[in-house]
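Laboratory data are not the source of any read-out in this text; all were calculated from the coordinates shown. Keep in mind that this is a model prediction, so the values were computed, not measured. Cβ sites come from the backbone with ideal geometry, for glycine too, and all protein chains shown count toward neighbours.
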Amino acid sequence: MHEEYRNDYKTARKFAGMTQERWAEAIGCSVESVRSYETGTRIPGDEVVVSMCEISGHAALAYWHLRNKSPLAADVLPEVNRVPLPQAVCHLLRAMGDFAADHGSLISLAEDGKISENEAAEWQGIKKRLDEVVKAAIEVKVAEGGV
């Protein structure tokens, strides 16, 4: 488990301003469990993470938990950078601007309901720019200072 990932549980607890003992009581588990989450020896269940998010107000924890708990999630959810909110917003606006240039091409490609061999390279480029928009949008949601 990445050190940054296990520290997300600790960050949520500290964000809530709680000791490990008080946190354990609030999320309904033992102090030993809290310690094991924060040291990376155990991964909490989803229901525990939901409680952590609700109590701490640190909603980004849910994304990092899902992203890192399963190889499948890591394949589906983009890896995003932890950046300050202003930087994340700038990245999103740039990515949206890049994708906006694709609107006409996207309509042309979608008109007949299929992507031909001649359109495949253009389609791959559009999907790549769309992935950047999705990644940038998630960066905004989990940005430092945007908790």
Residue pairs, from the table LYS69/LYS127; LYS69/LYS128; LYS10/LYS127; LYS69/LYS141; LYS14/LYS127, whose Cα atoms sit over 28 Å apart: LYS10/LYS127; LYS14/LYS127
To test your reading of the geometry: what angle, between 0 and 90 degrees and rounded to tens, separates the Cα axis of helix 3-15 from the longest principal axis of the chain? 60
Could you size up the charge dipole of the range 65-147 around its Cα centre, putting +1 on the beta carbon of Lys and Arg and -1 on that of Asp and Glu, and report it in debye to the nearest 20? 480
Taking amide H positions as placed 1.01 Å from N in the peptide plane, with prolines and chain starts having none, which residues 5 or more places from GLU144, or on another chain, fall under 5 Å of its amide H? VAL83, LEU85
So what's the net charge close to GLY125: Lys and Arg +1, Asp and Glu -1, counting the other residues with Cβ under 14 Å from its Cβ? -3
GluC sites (Glu not before Pro) in the range 55-118 lying in a DSSP loop, each with at most 10 other Cβ atoms within 10 Å of its Cβ, come to GLU79, GLU111
In sequence order, what are the phi-derived ³J(HN,Hα) couplings for the range 86-103 according to the Karplus relation 6.51 cos²θ - 1.76 cosθ + 1.60 with θ = phi - 60°, rounded to whole Hz, with x for glycine and proline? x, 5, 5, 5, 4, 4, 4, 5, 5, 5, 5, x, 4, 6, 4, 5, 8, 3
Cut-off of 10 Å, at most 14 other beta carbons, DSSP loop: longest stretch of the chain lacking such trypsin sites (Lys or Arg not before Pro): 1-81
Quick one: ASP102, ASP46, fewest Cβ neighbours within 10 Å first, how do they rank? ASP46, ASP102
Can you give me the angle between helix 46-56 and the longest principal axis of the chain, using Cα atoms only, in degrees from 0 to 90, rounded to the nearest 10? 80
